[in-house]
Amino acid sequence: MTEAHLFQLPKHLKASAIAATLTVAACLAPQVNAQATAPQTPAPIATTDRSTAYYHAALAHNYEDMAINFGRQEYVTRAVEEYKLALNADPNSAKLAIDLAELYARAGKVREAIQTAQDLLKKDDNNLEAHKLLGRIYLRSLGQDQTQSQGSQQAGPSAQMLNLAISEFVKIVALEPKNVENRLLLGQLYTAKHDSAKAEEQLKAAQSIEPDSEDVILNLARLRAENNDMRGAAELLEAVPVADRTTKEEFALGAAYEQLKDSKKAIAAYQRSVDMEPDNLDASRSLAQALLADNQLDEALKQFQTLSEADPEDTASLNRISEIQRRQGKYNDALSTVRKARAKDPNSLEAGYNEGLLLDVLGRYDEAITVYQKMSELTEHANGAYTQDEKANRSIFLERLGSVYHEQNKTPEAIAAYQKMIELGGDFAKRGYQGQADTYRDAKMFDQATEVCRKAVAANPNDRDLKLLLAWQLADTGKLDEGLALANGLLTGKPADREVYLQISLIQSRLRHWKEAEDALAKAEPFAVKTEEKANIFFQKGALAEREKKYDQAEQFFHKVLDIDPNNALTLNNLGYMLADKTTRYTDALKYIRKAVEVEPMNGAYLDSLGWVYFKLGQYEAAEDNLRKAVERTSTDPTVHDHLGDLYEKTGRIRLAAAQWEISLTEFSKSASADVESTEVAKVQKKLEGARVKLARQDSHLGNDVKQP
């Protein structure tokens, strides 16, 4: 971009008017040759000649206007020369020097602008306008630094330019201490420098000058938020009486409550913001999102539908509408909506992900695979080079692709998809190795699962999580001592030991070593500091108590998890299944399991639980629908086939029941020993034998009814 292109000002300024002004100016100083195409630089004038200075300043202003109007570089050059001539006539004029420096700055001649302003300050360090000009130049440079750093993925503005800007505004504030805007800018500069104490000092000084200033309050709230004091930010905004709050203040308060996970208060603040400014789509969008987070699906749906109508090209709102419809169980409606989003933006990663997800939920696996393949191709680079964000996006589609193949028991295809994740490296590779191990395990290919775990550790010898994965696999396949030795070798006496002890407890629990499992959990518990870490401890205690048949104790622990995380699908499912299988509290069980399925509608284990509780309630049609879906998704799980067999028997389809029990016994025979309880196998065997007897009697009866030739 040329310097002249910076001048993009009013088109209403006519060339004829400019020419007329130049003619008048020329009449004021006939000794100057108005026809000269380039001004002659005269010898320095020893005395002040204000009329000559005024004449050249008028010419300079008009050339500036022409540069603005026509965007031509030559007018910028002429304006600069005229300012210099004006200064030669009146060398002590600070106003002319500032005008010249301003022209340099607007024309992109930053060095000349800075030099001109600094020359002024050498004569008078208290020249406020010169300090303001330098401050503006440094601020503009900071903005350019930030834009360039975003484009190149480098962090933040340069420290040197930031310090220069701060230095100027410190002087400006000293010269003009009652100016709120200057103190605000200085506070923002200190915030950018991460000097919170000085930033707050300036912002509070601004507040003392103008207590009700929206800008001051918002900047103070933003400063507290950036220092991770969301509670302080909310309290600051709450201190403003509701009747006096602006729409921006309510919006900021809503955002603070959202960060504090207080969705009810966030909704109220966003609603007030929207009420004050109904056309503010950002506030409406935030309100809709807060309603969705609070599980107010109907109200959230209304908001997103309004947003979509206001902006028909808004694919984000269509994606949210589809999500709500999916959570309401309206899967076909959700699919139709997300396809509208994809039609508007075929390359939308979110819409592609959601479409594949819905096709998976609907059991349209081949279509889901096609979508995920297209999205993985869309995120693929031929040179194999990816940014971190690109890796994250690509890994999502590869993981979903591998998962659908896994569900369909297409082991080679699933392994190939996860292998592409491994090639992304880092945490994406870890998830890829985990996916491969799980796929091989569910396919009862235990040697291959162990090989994958060993390969993962070899590629990442210092990774604790992968070593724990290998320890689990070794112990689960009969190499308990080797697995426990590997896990115990990771203990360091530090908080990271929590994960190690949890894994040791899981290993011991699967092998029915109850005392050892309890001891490991007891050692993990002191390291659980965060809320989610405590929830994890409670869940494992509940799962262990359930396996030990201490059902009342298990329920107590599961409820402690749900007190912390009401939408914890794994806990909801385990609690619901335990109540359905071990008690007669079927209504409670149904409530928990339905919520788990709502959170994870493709989870075969949860669908099995839902089918089982419907079976217990005598709702056989709903039971069959869910059990059949569960079998499709977890075809190698013997318990799911057992449940479907029970359903078929109960509804008088003995031959189908026997077929399912046969599959169940086959899968039991292939399973790892830790997954098999002899009593459960014996029950299935007994049911199968009983079915065979019934079938034999039926066949015999049919045979007797047939007349012999």
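Within segment 521-536, residues that are in contact (Cβ under 8 Å) with a residue 12 or more places away in the chain and over 20 Å from L570 (Cα atoms) sit with their Cβ atoms under 7 Å from residues that are part of a helix (DSSP H, G or I) and among the polar types (S, T, N, Q), at 6+ positions apart or across chains, in these pairs: A524/S505. For segment 408-436, the set of residues classified as touching a Phe, Trp or Tyr at 6+ places or on another chain (Cβ under 7 Å) and at pLDDT below 95 consists of Q408 only. If the condition is being among the charged types (D, E, K, R) and outside any helix (DSSP H, G or I), then segment 575-605 contributes R585, E600.
Pairing each residue of segment 60-76 that is at positive phi with any residue that is crowded, with 21+ Cβ neighbours inside 10 Å and not in a helix (DSSP H, G or I), provided the two are 6+ apart or on different chains, yields C-beta distances under 7 Å for G71/F7.
Checked against the criterion of being touching a residue at least 40 places away in the same chain (Cβ under 8 Å) and of a type in the set (A, V, I, L, M, F, W, C), the candidates V338, V361 yield just one match: V361. The lone criterion from (1) surrounded by fewer than 22 Cβ atoms within 10 Å (Cβ to Cβ); (2) under 27 Å from A596 (Cβ atoms); (3) of a type outside the set (A, V, I, L, M, F, W, C) left unmet by S322 is number (1).
Among the residues of segment 542-555, is there at least one that is within 29 Å of the chain's Cα centre (by Cα), part of a helix (DSSP H, G or I) and modelled with pLDDT of 95 or more?
No, every residue in segment 542-555 fails to be within 29 Å of the chain's Cα centre (by Cα), part of a helix (DSSP H, G or I) and modelled with pLDDT of 95 or more.
Applying the criterion of at least 2 residues that are on the phi < 0 side of the Ramachandran plot and surrounded by fewer than 15 Cβ atoms within 10 Å (Cβ to Cβ) to the helices (runs of 4 or more DSSP H) found wholly in segment 367-471 leaves 388-407, 446-459.
Please pick out the residue among S635, S669 that is assigned to a loop (DSSP other than H, G, I, E, B), farther than 30 Å from L562 by Cβ and of a type in the set (S, T, Y). Let's see the steps before the verdict.
Details: S669 fails: assigned to a loop (DSSP other than H, G, I, E, B).
Step by step, each of S635, S669 is checked, and only S635 is assigned to a loop (DSSP other than H, G, I, E, B), farther than 30 Å from L562 by Cβ and of a type in the set (S, T, Y).
Determine whether segment 327-340 contains at least one residue that is of a type in the set (S, T, Y), more than 19 Å from E632 (Cα to Cα) and at pLDDT below 95. Within segment 327-340, not a single residue is of a type in the set (S, T, Y), more than 19 Å from E632 (Cα to Cα) and at pLDDT below 95. Listed by first and then second residue, the pairs with beta-carbon distance under 6 Å, at least 6 apart or on different chains, first residue in segment 250-263 and under 17 Å from Q296 (Cα atoms), second aromatic (F, W, Y), are G254/Y270.
Being under 30 Å from D125 (Cβ atoms) and either at pLDDT 50 or above or assigned to a helix (DSSP H, G or I) (or both) is a description that does not apply to T23. Exactly one residue out of N354, N319, N332, N295 is polar (S, T, N, Q) and not in a helix (DSSP H, G or I): that is N295. Here is the figure for segment 672-681: residues that are surrounded by 14 or more Cβ atoms within 10 Å (Cβ to Cβ) and either over 14 Å from L511 (Cα atoms) or not assigned by TED's automatic domain parsing to the domain that holds Y648 (or both) total 2. Within this structure, S505 fails the test of being in contact with a helix residue (DSSP H, G or I) (Cβ under 9 Å, 6 or more places away or on another chain), modelled with pLDDT under 95, among the polar types (S, T, N, Q) and part of a helix (DSSP H, G or I). Would segment 199-215 turn up any residue that is assigned to a helix (DSSP H, G or I), out of contact with any helix residue (DSSP H, G or I) (no Cβ under 8 Å at 6 or more places or on another chain) and not charged (D, E, K, R)? Yes, segment 199-215 has at least one match.
Within segment 519-531, the residues that satisfy the criterion of being in contact with a helix residue (DSSP H, G or I) (Cβ under 7 Å, 6 or more places away or on another chain), in a helix (DSSP H, G or I) and not polar (S, T, N, Q) are A520, L521, K523, A524, E525, F527.
Beta carbons closer than 7 Å, at least 6 apart along the sequence or on distinct chains, pair a first residue in segment 310-330 that is closer than 18 Å to R285 by Cβ with a second that is at pLDDT below 95 and assigned to a loop (DSSP other than H, G, I, E, B) for T315/D345; T315/S348.
The values are calculated or read from the model by the stated rules, or taken from the named source; none is laboratory data. Remember, it's a predicted structure, so these values are computed and weren't measured experimentally. Here Cβ is always computed from backbone atoms with ideal geometry, including for glycine, and neighbour counts include all displayed protein chains.
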